[in-house]
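Dropping the structure in here first, questions after.
The values are calculated or read from the model by the stated rules, or taken from the named source; none is laboratory data. Bear in mind the structure is a predicted one, so any value in this text is a computation, not a measurement. Using ideal geometry, Cβ is built from the backbone for each residue, glycine included, and neighbour counts are taken over all protein chains shown.
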Amino acid sequence: MKFSSLGQNLSGGSGIEHLMDDLGKALSGVGAAPLMLGGGNPAHIPEMEAVWKIRMEEILGDPAVLRRTLAIYDPPRGNASVLKALADLLRREFGWAVGPENIAVTPGGQTAFYFLFNLFGGRRSDGMTGRILFPLMPEYIGYANQALEPGMFLGVQPSISRTTPHRFKYHVDFQNLNPGPDVAAMCVSRPTNPSGNLISDAELQHLSDIAVQRDIPLIIDNAYGWPFPGIVFGEAKPIWNEQTVHVMSLSKFGLPGTRTAFVVAPPKVASAISSMMAVTGLANGNFGQAIAGPLIESGEIVRLSREIIRPFYLRKRDAALEAIAECFPADVPYALHESEGALFLWLWLEGAKKDSRELYEILKNRGVLVVPGDYFFFGLTDQNWQHRRECLRISFAMSDLDVRAGLKIIGEEIAKAF
Ligand SMILES: Cc1ncc(COP(=O)(O)O)c(C=O)c1O
């Protein structure tokens, strides 16, 4: 048996597989690490679990809805009433001129990116290989192995400002962002996984201007953004024009098990995604749309994001920062990225003698799982940039007690790392 190059590429192991494996084992109780500060699983928020229960009972209580949810294929683009409800919501909330023709459902954001990157990137009729440009590395680990052709990803190193002695922030380095004719799309996660950075409104506008000028899409990954789940701690104005492609997922709203996301894009792109869905999967699963549809239609999804989800994670973020102030020795030169959204703290150990992989192993042996930062710097050509081996991603989504216990151990280990 021989695998193709593509088969080897997709099956040969990846950072995201490693991460999901650690996560799955830790959460199922099989793995050795009880303090799970590594994965991106959202927290189990009691108020949201109560909403899921009510919605499930409503679905079970209506035979027609139950039948539609379990026993009928949706069209590949998604359920017509859910597409309309989301378009109405985006018009109401943001004033975007969108209709159902702008939206396509996918089995989670992960699949949406796989479709989008390979829709725009790769060999083209002009003989060039279209490339996907990530204007601000580090970026989401899950993108790293999604290109179907080699050389499709291009990352740009950020500029870094020190905000306070133990804090820093990344910025898009527009001086070094000069997309050539081979760049077929740009992509940013906002807020950014792993750093918790929030690309500013001015930076986003600048990127959007470049996209319009170059007639390429600007793909914005809203996994943590508005209108749901709204895990945004700074100011971020959503943006829309004929060049923007948004991916909005139900996962961090609390429904990762339903594998449901929405691509909001120009009609031509939404249609292409729907066609790709038909080829690869026939149709989407109905459950996520069945649970969330009425919440989207009523706007309840935005209220829950604003009033339950965002305050929940903000409180957890503050508790984690408090624990760090107590547990990390102040004389150790650690720096955290300004936490402006998402579920993570991004720790930079500039000049540490142990690199992020070594620290990952040491922490894993002490029962704490984090993610070594080098995975998130894919697409960067400069292998010598020390910074890429000096960072760790720490999730604060687990129980406050676990997060505090994990941070205490991390504080002990980073003190020994310099
Ligand atoms: C930035 C970002 N994008 C996309 C995803 C994919 O999520 P899903 O496929 O569950 O929608 C994640 C998951 O952690 C993420 O953090």
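Only residues in the stretch 178-191 that are more than 19 Å from Pro238 (Cα to Cα) count as the first member; pair them with residues that are part of a strand (DSSP E or B) and among the small types (Gly, Ala, Ser), Cβ under 8 angstrom, at least 6 apart or cross-chain, and list the lot.
Asp182/Gly130; Val183/Gly130; Ala184/Gly130
Right, another one. So for the stretch 105-118 (the condition being at positive phi and out of contact with any His (no Cβ under 6 Å at 6 or more places or on another chain)), does at least one residue qualify?
yes
Restricting the first residue to the stretch 61-79 and requiring it to be touching a residue at least 60 places away in the same chain (Cβ under 8 Å), which pairs with a second residue that is among the hydroxyl-bearing types (Ser, Thr, Tyr) and in a helix (DSSP H, G or I) meet a Cβ separation below 6 Å and a spacing of at least six or different chains?
Pro76/Ser274; Arg77/Ser274
Looking only at residues in the stretch 114-168 that are of a type in the set (Gly, Ala, Ser) and over 27 Å from Ser271 (Cα atoms), which one is surrounded by the most Cβ atoms within 10 Å (Cβ to Cβ)?
Residue satisfying both the conditions and the ranking: Gly155.
Quick one: count up the residues across the stretch 302-322 that are of a type in the set (Val, Ile, Thr) and over 17 Å from the mean Cα position of the chain (by Cα).
2
Would you check which residues across the stretch 231-256 are near the ligand (Cβ under 10 Å from one of its atoms) and not in a loop (DSSP other than H, G, I, E, B) and list them?
Within the stretch 231-256, Val247, Met248, Ser249, Pro256 meet the criteria.
Now for a separate question. Suppose the filter is among the aromatic types (Phe, Trp, Tyr) and under 15 Å from the mean Cα position of the chain (by Cα); does Phe153 pass it?
No; evaluated as a whole, the condition is false for this residue.
Taking the stretch 208-230 on its own, how many of its residues are assigned to a loop (DSSP other than H, G, I, E, B) and of a type in the set (Val, Ile, Thr)?
Residues that pass the stated criteria total 1.
Give Ala64, Ala50, Ala104, Ala87 a once-over and let me know the one that is buried (at least 18 other Cβ atoms within 10 Å of the Cβ) and part of a helix (DSSP H, G or I).
Only one candidate qualifies: Ala87.
Spot the failing condition for Ala80; the list is (1) away from the ligand (no atom under 16 Å from the Cβ); (2) surrounded by 19 or more Cβ atoms within 10 Å (Cβ to Cβ), and only one is missed.
So the condition that Ala80 fails would be (2).
Determine whether Leu136 is within 16 Å of the ligand (Cβ to nearest atom), part of a helix (DSSP H, G or I) and at pLDDT 95 or above.
no
Counting only residues that are acidic (Asp, Glu) and over 21 Å from Leu83 (Cβ atoms), how many does the stretch 288-315 have?
So the answer is 1.
Further question: Is the stretch 266-275 home to any residue that is at pLDDT 95 or above and either within 18 Å of the chain's Cα centre (by Cα) or within 16 Å of the ligand (Cβ to nearest atom) (or both)?
Checking the stretch 266-275: at least one residue is at pLDDT 95 or above and either within 18 Å of the chain's Cα centre (by Cα) or within 16 Å of the ligand (Cβ to nearest atom) (or both).
Tell me which residues, restricted to the stretch 318-361, are part of a helix (DSSP H, G or I), touching a strand residue (DSSP E or B) at 6+ places or on another chain (Cβ under 9 Å) and aliphatic (A, V, I, L, M).
Residues satisfying the conditions are Ala320, Leu321, Ile324, Leu359.
Still on this model: Report every pair of residues separated by at least 6 positions or lying on different chains whose Cβ atoms are under 7 Å apart, first residue within the stretch 401-418 and within 19 Å of Ala330 (Cβ to Cβ), second basic (Lys, Arg) and buried (at least 17 other Cβ atoms within 10 Å of the Cβ).
From residues that are within 19 Å of Ala330 (Cβ to Cβ), the pairs are Ala417/Lys354.
May I ask you to list the residues in the stretch 169-220 that are surrounded by fewer than 22 Cβ atoms within 10 Å (Cβ to Cβ), within 23 Å of the chain's Cα centre (by Cα), within 22 Å of Phe377 (Cα to Cα) and of a type in the set (S, T, N, Q)?
Ser200
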